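J.: Have a look at this one.
Readers should treat all values here as calculations from the given coordinates under stated rules, not as data from a laboratory. Everything numeric here is computed off the predicted structure, so don't read it as measured data. Neighbour counts run over all protein chains shown; Cβ positions are idealised from the backbone, glycine included.
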Amino acid sequence: MKTPTIFTLIFFLFIVFSWSCAAYVDDHVDDFLETYVHDHVDDFLEKSGRDNVDGFLECLKEEFDNYTSISSLVYTPINSSFMSVLNFSIRNKRFMSDSTPKPLVIITPDKESQIPTIIYCAKKNDMRIRTRSGGHDFEGRSYVAEVPFVIIDLLKLSDVTVDAEQKTAWLGAGATIGTLYYRIAEKSRTLAYPAGFSPTVGVGGHFSCGGYGILMRKYGLAADHVIDARITDVNGRILDRRSMGENLFWAIRGAGGASFGVILAWKVKLVDVPETVTVFTINRTLEQNATQLIHRWQYVLPKADPNLFLRVVARRDNSSQDGRNVTIRATFNSVFLGGIDRLLALMHEIFPELGLVREDCTEMSWIQSILYNTALPINSTEPLLNRFQDNVGYYKGKSDYVQKPIPISGLEGIWRLFYEPEGAKAEILLTPYGGRMAEISSSAIPFPHRAGNLYKLHHMVYWEGKDAQNEDKYISWVRRLYSYMAPYVSKYPRGAFFCYRDLDIGVNNNEGETSIGQARVWGTKFFKKNFDRLVHVKTRVDPKNFFREEQSIPPRRQWTGKDDI
Ligand SMILES: Cc1cc2nc3c(=O)[nH]c(=O)nc-3n(C[C@H](O)[C@H](O)[C@H](O)COP(=O)(O)OP(=O)(O)OC[C@H]3O[C@@H](n4cnc5c(N)ncnc54)[C@H](O)[C@@H]3O)c2cc1C
């Protein structure tokens, strides 16, 4: 490795500093310079790998014919924009603290062709890669690592091109699902895509972990409708579906990209929706029979018409009844692919107990139902393009699959946990399966939780900034809820949803080898029997395990020395 002189380095960092992207400079830059750069950068680089950074930057300079074309996209801790670029796509404040390990470098490539060189230079300088698209990983794995690392932040590779005639779209991996929905709606009122709720979620992480939303009972997951992709592999080759082969193409649709390379783009098949859909939201407290309604919901929804999506969120709420201070409020939130009359007839037939009436329902277009579900005004689609999120909070999430209805007494035990202080801002979210989800084979893509699952449970606990120091008590509360749920949920293995990343269920070693047996502990929860095929794919495409993190698939025989290039 060529060692730069201190003057070269200072000059180089000065250039990087001067060209930093003004769009990201926020009000906190001065604070940041004061508290972070001046006090910590030297210390930080000393501890986390000054040699790696020097070598990495030198390598970029050597490898790029026209280095100035990329230098403005490179951020190091000495750069005034470094922290704002890092924080821009952090969606869980747990991982925004001073003690969270920081990358040595962040790069925001604006061309796919830049990525092979970044991978080459990271390998050459023993730096791990974290690829970030939308930054929604529950455990921050796209921007946190315990080893020297570089973030490839794909937010500039975010073009979305919709071909309404062919009913297809190409999406840069850094695009958000909000942009995808917006671009589809520009072209058609009756085309859609079966992906998630929150517009700021990135398609890079979302499609590669499965991705579910309103249309899942009708059409399955986001990953079920991917028909082509481009990925950069560990050798810097840019591959499409044909050149990567069906095994790798299978693996990246559900088992995450981070085990296999850097996904650059997806091609997807759009789906049809009617001109008019109907939405409703009904709230019921315990005094209004919420427990009995949720109990009944478990029997009704998984078997219901696939055009009906009706999920339930239960949270603690204040109560003025019977001298009680608290109650549980269940929110039944629905999108039906059809008009009000059909919905009312269906609901009266299958779930009259909910008491749905015409006044609860509103007809709208599919794109408006997306806005409605994210609490955005339904008269403008522009907010779907906004990838900035200013209400980022602290949270920990976990997931489960329910295969037999939970008895009333089981639900009441959940409410008791919610009455504890840490339950004040917690919620459980019940998402119905059945319909198309039960028809797709559990090995069609790595996501295995299909027929036999009534619904998915999502346990979430949130806390406020003033409680940041007490996060342990909130995290242990949600772990207690998870333990409490054990008798009521899937077993052997206890299933978990990879999109709701949860490091509690098992992790790889940060350094050195992770045995297949160790990874199987968490791997079979996410992927069940598909785990073995994933190990096979990994062994073929990245045998020395360059692309690795806490829950990446390990290859069968691992390489423990320095990677050769
Ligand atoms: C507010 C919020 C709402 C959510 N709503 C839903 C929902 O409705 N439905 C649902 O199914 N899930 C939902 N999720 C979970 C979400 O689908 C996953 O967290 C998903 O991984 C996020 O993708 P991302 O690109 O935003 O995340 P990132 O944090 O950028 O990435 C997540 C993981 O994928 C890897 N990765 C990202 N991009 C690439 C790439 N291009 N190549 C290789 N690896 C890559 C990262 O390294 C990381 O390991 C939600 C999460 C949040 C925080």
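J.: Per-residue ellipticity at 222 nm for the chain, helices alone: DSSP H runs ≥ 4 residues times -39500 (n - 2.57), over residue total, nearest 500 deg cm²/dmol? Mind dumping the intermediate values first?
T.: Working: 19 runs with 176 residues, N = 565.
Helices in the chain give a 222 nm mean residue ellipticity of -9000 deg cm²/dmol.
J.: Using the number of other C-beta atoms within 10 angstrom as an exposure proxy, rank ILE252, ILE350, ILE227 with the fewest first.
T.: Values: ILE252 26, ILE350 17, ILE227 11.
Fewest-to-most ranking of ILE252, ILE350, ILE227: ILE227, ILE350, ILE252.
J.: Considering the dipole of region 419-565 built from charges on the beta carbon (Lys and Arg +1, Asp and Glu -1) around the Cα centre, which of SER476, TYR500, ASN453 is farthest to its positive end?
T.: With unit charges placed on the Cβ atoms, the residue in question is ASN453.
J.: What number in nm² do you get for region 302-354 if you take the convex hull of its Cα atoms and divide its surface by four?
T.: Numbers: hull surface 18.7 nm².
Over every viewing direction, the Cα hull of region 302-354 projects on average to 4.7 nm².
J.: By the scheme Lys and Arg +1, Asp and Glu -1, what is the net charge of all other residues having a beta-carbon under 12 Å from that of SER515? Each step should come with its number before you reach the end.
T.: On the way: positive: ARG520, ARG556, ARG557; negative: GLU513.
Result for the local shell: +2.
J.: Set Lys and Arg Cβ to +1 and Asp and Glu Cβ to -1, take the dipole of the chain about its Cα centre, and tell me which of LEU417, VAL105, TRP463 lies farthest positive.
T.: The Cα lying farthest towards the positive end belongs to LEU417.
J.: Order the peptides 164-172, 503-511, 69-77 from the highest to the lowest mean number of other Cβ atoms within 10 Å of their residues. Mind showing how you got there, number by number?
T.: Details: 164-172: 17.2, 503-511: 15.1, 69-77: 19.6.
Most protected by this proxy first, the peptides run 69-77, 164-172, 503-511.
J.: Additional query: Could you please state, rounded to a whole Å, how far the C-alpha centre of region 122-181 is from the C-alpha centre of region 492-516?
T.: Result: 21 Å between the Cα centres.
J.: Something else about it: Please compute the contact order of the chain in relative form: average sequence separation of alpha-carbon pairs under 8 Å and at least six residues apart, divided by the residue count, as a percent. Intermediate values should be presented prior to the final figure.
T.: Values: 1154 pairs, mean separation 77.0, N = 565.
Rounded, it is 14 percent for the chain.
J.: Cα convex hull of the chain: how many Å³ per residue? Intermediate results must be reported in sequence, preceding the final value.
T.: Details: hull volume 85.0 nm³, N = 565.
That works out to 150 Å³ per residue.
J.: Percent of Cα-Cα pairs per 10 Å bin, from 0 to the last occupied bin, for region 471-529, please list those.
T.: Taking every Cα pair in region 471-529, the percentages come to 20, 47, 30, 4.
J.: Just order 108-116, 123-131 by mean Cβ neighbour count inside 10 Å, highest at the front, would you? Mind dumping the intermediate values first?
T.: Details: 108-116: 17.8, 123-131: 21.4.
My ranking of the peptides, most packed first, is 123-131, 108-116.
J.: Quick query: amide H of VAL326 versus all other amide H atoms, modeled in the peptide plane; which residues come in under 5 Å with a sequence gap of 5 or more or a different chain?
T.: SER319
J.: I've got another one for you. Highest mean first, how do 174-186, 210-222, 482-494 rank when packing is the count of other Cβ atoms within 10 Å averaged over residues? Before the final figure, lay out each step's value.
T.: Working: 174-186: 23.6, 210-222: 25.9, 482-494: 14.8.
With the highest mean Cβ count within 10 Å placed first, the list reads 210-222, 174-186, 482-494.
J.: One-quarter of the Cα convex hull surface for region 60-139, in nm²?
T.: Reported value for the Cα convex hull: 5.8 nm².
J.: Assigning unit charges at the beta carbon (Lys, Arg +1; Asp, Glu -1) and nothing else, what dipole magnitude in debye, to the nearest 20, does the chain show about its Cα centre? Show your work: numbers first, answer last.
T.: Working: 67 positive and 66 negative charges, 462 e Å.
In debye, rounded to 20, the chain gives about 2220.
J.: While we're looking at this one, here's another question. Starting from the Cα of ARG241, step 7 Å toward the Cβ, then list every residue of region 169-184 with an amide N under 17 Å from that point.
T.: Residues 169-173 fall inside that zone.
J.: Give the long-range amide H neighbours of SER552: residues separated by 5 or more places, or on another chain, with amide H under 5 Å away, using H modelled in the peptide plane at 1.01 Å from N.
T.: For SER552, the qualifying residues are ASN508.
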